[in-house]
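What follows draws every value from the coordinates through simple rules; no lab data is involved. All of these numbers come straight from a predicted model, not from anything done at the bench. A quick note on method: Cβ atoms are made from the backbone with ideal geometry, for glycine too, and the neighbour counts reach across all protein chains shown.
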Amino acid sequence: MLGTMQDITEQRRLESQLLQSQRLDAIGKLTGGLAHDFNNLLAAILSGLSLLERQLTLDGNATKILDMTRRSAGQGRDLVQRMLAFSRRQDLKPVAVPLSSLGDTMNGLVAPVLGGLVRFKWLVSDDTWPVYVDAAQLELALMNLIFNARDAMPSGGTVLVRTSNRSVGHAGDELPAGDYVVVAVEDTGTGIAGDMISKVVEPFFTTKPIGKGTGLGLSTVYGFAKQSGGTLRIESEVDRGTIIELWLPRSNQPQDVTEAIAVAGAEAVEAADAERATAVGERSLTVLLIDDSHSLREMTAMSLRQSGFEVVGASGGAEALAAIEREPDRFDVIVTDFAMPLISGIDVIRFARNLRAGWPAVMITGYADAEKIVERPLDVALVGKPFDEKDLVVAIHAAARGKLINASA
């Protein structure tokens, strides 16, 4: 007999990785698309509630119902943000973040709610490199991992957060070559079965009992890590515990630049608050409002009119271009949705600025590919749906004055 033998273990591993990557990518595109429509619905609901609150005299019971409805809509908004985090479509604002400075914050937020049976240790040294990430999303990611670790230890134990500096010499399947900081969250809990590890980052998959988890915690952390240029790795053994490593890119941004960014952001918010109640000149502003969602467009238009604006609505990019070309001197500020059929909000703004340089504009969005969002002109503020009407009013006034206020949710 004559035969040959070939070890296909590595081939099968690569095929499994490819299938997993394709499945996660498909889920990400689906959740991102759903988020756009869902955010439009939530924005219309919240705008309608605000209009009712201003136009009607409500008794105590009616006010309570309205507040509960608004709170539920807010929870829906948070859910959509988690979906966007997994699909890597959220708008991140990365800065240099020194991890050692987060110790007091995390101890203050996390330690009091872990319970008496769970100890929390933050072992992050001062020589840990700063990371280049969105600071708020990093805190949320750490809290997610820490609370998951707590839930895995019903009889008590220790949650440990430690960091290490790592350098990757060659690009691999998950990470390009470069410097990274590994944030490891370790527990001594029940662990995860080997065949489940690849599934726990999928949205809505959870190993917790029914009613004890949404299945979005790890998926949002995974999405945040990948969008930030890092990754998430899991090591676990049943009844021995779990180590989840958050790999984040090292920041080469000087610390003083980070502080300048924070100061500039605070000054921008302060300036926006001072300008909130004033209008440009002695007349009201005329706004061209563009959104392909009829209900949201009508609700937003009514709200803006109550805030003193004159509003002309357009149901899409083509209708907006016709209005701009017909009456180029009528509109003071363009407020446009980003994602619309055929003609996007960016296309509308570019067309308008060919007629009038620097035409004031504000972009609203419930979902957009991060790479496409950055293509908008730098002086165009981005307001995320569902938005607080005060944020939109501030952004419109700021745009009319030539100042950028970024109120993205």
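Only the Cβ atoms of Lys and Arg (+1) and of Asp and Glu (-1) were treated as charged; on that basis the dipole of the stretch 132-181 about its Cα centre amounts to roughly 240 debye.
Note down the net charge around Glu237, summing +1 for each Lys or Arg and -1 for each Asp or Glu among other residues with Cβ under 14 Å from its Cβ. In short, -4. Mind checking which of Val118, Trp129, Val97 is farthest towards the positive end of the stretch 97-154's charge dipole, using Cβ charges of +1 (Lys, Arg) and -1 (Asp, Glu) about the Cα centre? So the residue we want is Val118.
What is the sum of charges around Leu123, taking Lys and Arg as +1, Asp and Glu as -1, for the other residues whose C-beta is under 13 Å from the C-beta of Leu123? The partial results should precede the final answer.
Numbers: positive: Arg119, Lys121, Arg162; negative: Asp126, Asp127, Glu186.
Summing Lys and Arg as +1 and Asp and Glu as -1 gives 0.
Tell me the net charge near Thr163. Cut-off is 11 Å between Cβ atoms, Thr163 excluded, with +1 for each Lys or Arg and -1 for each Asp or Glu. Present the calculation step by step, with values, prior to reporting the outcome.
Details: positive: Arg162, Arg166; negative: Asp126, Asp127, Glu245.
That sum, taken over residues with Cβ under 11 Å, equals -1.
Sorted on the mean count of surrounding Cβ atoms within 10 Å across their residues, most packed first, peptides 183-193, 313-323 read 183-193, 313-323. In whole percents, the pair-distance distribution calculated for the stretch 141-189 from its alpha-carbon pairs, binned every 10 Å from zero, is 24, 36, 27, 12, 1. For the pair Leu52 and Arg233 in one chain, pulling the backbone fully straight at 0.36 nm per residue adds 60.4 nm over the alpha carbon distance.
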